[in-house]
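Working notes, beginning with the structure itself.
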Amino acid sequence: MLLPLVLALALQQEPAPAAPAAPAPAITESLFVVKPFAERLALKFNWRIVQIREESIAFPTGLVRDVTSALSSRASADPVRRAAALTALGATGLAGGRQLLVEGARTGGPLEKRAAVLALAELGPESVTFLRQTAESTDPFLAEVGLLGLLRMGSPAVQAEVQAVADDPTSQLAPVAAGLLAFLADPGGPAPAPPSVKLLYELRWEAAMKFGLVNGRRYSQLQIDRLWDDPAFVGTVVLRSARKLSLPGVRDHLLAMVDKVGGPEVVHAAVSRIPLALGSLIQLGIWQPANLEEWDAALDALVETRTPKEGYEIARAAFEVEQLRARAVGILMAMGDETRTGELKDLLFSDDLEQRILLTRSLGSSRDPSWIAELGKLRSESDDRLSSAALVAQMRMRYRPAEEVVRSTVLDGEHADRRSVVLELLEVHRDSRVPPLLSAALPHLEGALRLRVAGVLCSGTSSTPRLIVRDALERGVESDLGPELVRALSISADHEDLEFLSSLFPTGRREQDIELARALVEHDHPVGLSLLEQALWSSDFDQSVIAAGLIVVSRGIDTLALHLDSPPGPVGRGDRRRVGFALGEWGGFEALEVLSRRRPSSDPALQGAYLGAMTARTQ
């Protein structure tokens, strides 16, 4: 099961040759802290950071097509994206964008108007008249933006006009004009940055991130490079992708990681792929999850993969953990074991509300009709979550009166229990009786609840839920909902969905980016392949070999051989031996024979391939 000692010694890592020192980055670490636009505006103004940003950004004229596309896309209702697009359009300096900017300044929302006015200032003297008119606006902030736009023109005559406003004691804009002049005279000095100045530079940074270049590259690519350099990020994506990897040798590597590394992600991946082996280790007392977090990951895996009796020993052991009993009993019942439910009857009517809800939900998997009456008692409970859990559990037990109540409740927009019932249906959406009810309810739902229901229905035949989810992701959703929607859309993603998901990556939200990267790996997207290549050459032994397996499944053994021939930079003998091992394990003696024709016996990659092929022979 585990690699022999001699094999482990043979594959010990040797230090890679020292890489040449990288030049000092032009962008400080703080520039990669991606915060929402509104949050950045609220931060204390830092002129040094602004200077670094301004020195690093550029807006080539070739960006115009991307910008105009963004202004006309389905995401056009996102005010920050539109404002960034208008800012980028002005920053290109192309006079052909003037009409779009004027239109934005006249008819857009508040943020769009301000961005368009500031962008017009980048197009030269022809914008002066419009900026003068804006500076006379009855909207104080828009007037301030107009004054800043005039000062951005760099004309002494125009600056004198603003100075005259500052010197006019009868003008309401005098303090604003004076503040702008004071700041621009010495940006790093004691004068505070006026709101319009903060807005200007945040819009330019947002525009650079969305449409421009940072240090000569797309900002998204810079972010991707940083994610690829993060071992925890890469490792999590590889492990989540490995949940569906069916190559025989994966078993040994996952067991080794469970033994040596541990953690929820490792446990989840291992339970997804090898529940029977882990159950045997638990039964023999050799291993068990180290803490509640790992136990939860194990139970999540059993539920998500709908593991049949191969996961029985894991669920049985979880039942012995007091905090997990209510949840574990539902999994055991789904496996056909209802011998333990009687022990939990007291808990069903205890003071522990959360455990009562979990147990009630679990009883929906029971085949014992005597529980229907007990659940009926819970339907009169004052807590909405508990009463809804009892109602839905009865429905799942094929109790027709409950089915009728659930259907009428989710379709009644005025029903007081509608939200709690829909939320409970989402908790048990893998039950075949649930999706039709959620599908019927979807047209009548709003907000986050509508998005969650649409996400659950993405795997169905209707295109409507997928369009809802795509639109929400494009506009931006709450951070806790984003990963859920990405997972939903990626399950049965077609080519259009995949390109859409790749266009979102990266978002700067870690969990959502993990799910996006996982989707790109599982659907064989080039960005996903680049992550696997990073894992192949930089991860620990077992994770590296698993990444190699994912490459082989998606692109074939020849692609893995090409990676071995063309490493991404200076690599050590140990790295070559490890990747060679992966080639031998996943390609067998046939791959070993091909490699031996063009490499000497002293080559570490060939040595590793021989050991890998020998290991595969014993699996």
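The values are calculated or read from the model by the stated rules, or taken from the named source; none is laboratory data. Bear in mind the structure is a predicted one, so any value in this text is a computation, not a measurement. A quick note on method: Cβ atoms are made from the backbone with ideal geometry, for glycine too, and the neighbour counts reach across all protein chains shown. Side chains are part of the model used for accessible areas, which takes the heavy atoms of the whole protein and leaves out ligands, DNA and RNA. Shrake-Rupley method; radii C 1.70, N 1.55, O 1.52, S 1.80 Å.
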Problem set entry | Local electrostatic count at Ala143 - Lys and Arg +1, Asp and Glu -1, tallied over other residues with Cβ under 14 Å | -2
Exercise. With every protein chain left in place, what is the accessible area per residue of the chain in square angstrom, probe 1.4 Å?
Worked result: 46
Seminar exercise, completed: Pseudo-spin-label distance Asn291 to Glu161, built 7 Å along Cα→Cβ, given in nm, is 6.4
Seminar exercise, completed: One finds the C-alpha centres of segment 421-485 and segment 508-567 to be spaced, in Å, by 30
For this session: Would you work out if segment 359-512 is rounded, prolate or oblate? Take a ≥ b ≥ c from the square roots of the eigenvalues of the alpha-carbon gyration tensor; rounded if a/c is under 1.5, else prolate when a/b is larger than b/c, oblate otherwise.
Result: prolate
For this session: Hey, can you grab everything whose amide H is under 5 Å from the amide H of Ile57? Only 5+ residues off in sequence or another chain; H modelled, so Pro and N-termini drop out.
Result: Asn215
For this session: Counting only C-alpha contacts under 8 Å and six or more residues apart, can you give the relative contact order of the chain as a whole percent?
Result: 12
For this session: Per residue of segment 174-181, in order, report the coupling 6.51 cos²θ - 1.76 cosθ + 1.60 (Karplus, θ = phi - 60°) as ³J(HN,Hα) in whole Hz, putting x for Gly and Pro.
Result: 4, x, 5, 4, 5, x, 5, 5
Problem set entry | Cβ charges +1 (Lys, Arg) and -1 (Asp, Glu), total dipole of segment 242-348, debye | 340
Problem set entry | Local electrostatic count at Gln99 - Lys and Arg +1, Asp and Glu -1, tallied over other residues with Cβ under 13 Å | 0
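Rounded to the nearest 0.05, what FRET efficiency do Thr107 and Ala232 have when you use their Cβ-Cβ distance and R0 = 41 Å?
FRET efficiency, Thr107 to Ala232: 0.30.
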Problem set entry | Correct choice for volume of the Cα convex hull per residue in Å³ that was computed from the model, options (1) 200; (2) 233; (3) 295 | (1)
Seminar exercise, completed: In terms of the charge dipole of the chain, which places +1 on Lys and Arg and -1 on Asp and Glu at the beta carbon, the residue among Phe211, Leu347, Val80 farthest towards the positive end is Phe211
For this session: Calculate, for Gln51 and Glu304, the FRET efficiency according to 1/(1 + (r/R0)^6) with r their C-beta to C-beta distance and R0 41 Å; round to the nearest 0.05.
Result: 0.25
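Rounded to the nearest 0.05, what FRET efficiency do Asp259 and Thr464 have when you use their Cβ-Cβ distance and R0 = 41 Å?
0.30
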Problem set entry | Extension reserve of the Ser479-Asp346 stretch, reckoned as 0.36 nm per residue once the Cα distance is removed | 44.0 nm
For this session: May I ask which of Lys44/Lys210; Lys113/Lys210; Lys244/Lys309; Lys309/Lys377; Lys244/Lys377 have a Cα-Cα span longer than 30 Å here?
Result: Lys309/Lys377; Lys244/Lys377
For this session: Work out how much length Arg40 to His444 would gain on full extension: take 0.36 nm times their residue separation and subtract the Cα-Cα distance, in nm to one decimal.
Result: 141.9 nm
Problem set entry | Length released on extending from Arg597 to Lys377, taking residue separation times 0.36 nm less the Cα-Cα span | 71.7 nm
